[in-house]
Amino acid sequence: MKGKIELQGMKFHAYHGVLPQETRVGGEFVVNLSFSMSHLRSLQTDNLADTISYAEVYELVKTEMEVPSQLLEHVAGRISAALKTHFPELSGLRLKISKKSPPLGGEVESASVILEDE
């Protein structure tokens, strides 16, 4: 049986952007992700060792969000690479990073980058 895990609405204050204000003051970001697993032994075992730990996924995302970058694309690429390295059984990753109220000269709720495995 194939399963999917989602972590939605992970919120971070981070220092991503190209403007000096973004790197000094920072901004609010939201990360949503989902991924598939080809086998879910945890359905029968009820054992954390038989699945991917949500807490470990969160910590990997948090670690990458703490590294300042100019581009959200770069942050998303690092998160994707870290997850795939740490959890080789993971597939079908969909990752969305949104910058809340980006400084674009007008009222914009958020700007987002989405990466999806094919």
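The values are calculated or read from the model by the stated rules, or taken from the named source; none is laboratory data. These figures come from a predicted structure and were not determined experimentally. So basically every Cβ, Gly included, is an ideal-geometry build from the backbone, and we count neighbours across all protein chains shown.
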Inset, instruction - Specify the residue that is modelled with the lowest pLDDT; the eligible residues are those in the range 3-62 that are aliphatic (A, V, I, L, M), outside any helix (DSSP H, G or I) and under 21 Å from residue 90 (Cα atoms). - result: 40
Inset, instruction - Mind telling me which of the residues 12, 35, 29 ends up being under 13 Å from residue 83 (Cα atoms) and either in contact with a His (Cβ under 7 Å, 6 or more places away or on another chain) or among the hydrophobic types (A, V, I, L, M, F, W, C) (or both)? - result: 35
Legend entry - Neighbours by Cβ (under 7 Å, 6+ apart or cross-chain): first from the range 95-118, surrounded by 13 or more Cβ atoms within 10 Å (Cβ to Cβ); second aromatic (Phe, Trp, Tyr): 97/29; 98/29; 99/29; 100/29
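Based on this model, can you work out whether residue 68 counts as part of a loop (DSSP other than H, G, I, E, B) and modelled with pLDDT under 95?
No.
For the structure I just gave you, tell me whether residue 111 is modelled with pLDDT of 95 or more and in a helix (DSSP H, G or I). If you could, list the steps in order and put the result at the bottom.
Values: modelled with pLDDT of 95 or more: yes; in a helix (DSSP H, G or I): no.
Against the criterion (modelled with pLDDT of 95 or more and in a helix (DSSP H, G or I)), residue 111 does not qualify.
Mind listing just one residue for me: the one in the range 12-22 that is exposed (fewer than 11 other Cβ atoms within 10 Å of the Cβ) and in contact (Cβ under 8 Å) with a residue 12 or more places away in the chain and, of those, farthest from residue 79 (Cα to Cα)? Talk me through it step by step, then tell me what you get.
Taking the range 12-22 and keeping what is exposed (fewer than 11 other Cβ atoms within 10 Å of the Cβ), we get 18, 20-21.
With in contact (Cβ under 8 Å) with a residue 12 or more places away in the chain added as a condition, the list becomes 18, 21.
On the way: 18: 19, 21: 24 Å.
Filtering the range 12-22 for residues that are exposed (fewer than 11 other Cβ atoms within 10 Å of the Cβ) and in contact (Cβ under 8 Å) with a residue 12 or more places away in the chain, the one farthest from residue 79 (Cα to Cα) comes out as 21.
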Inset, instruction - Take the residues in the range 30-72 that are within 12 Å of the chain's Cα centre (by Cα) and among the aliphatic types (A, V, I, L, M), then tell me which one is farthest from residue 10 (Cα to Cα). - result: 72
Inset, instruction - Kindly list, by first and then second residue, each pair from a residue in the range 73-91 that is more than 19 Å from residue 14 (Cα to Cα) to a residue that is among the polar types (S, T, N, Q) and at pLDDT below 95, limited to pairs with Cβ atoms under 7 Å and residues at least 6 apart or on different chains. - result: 89/38; 91/36; 91/38
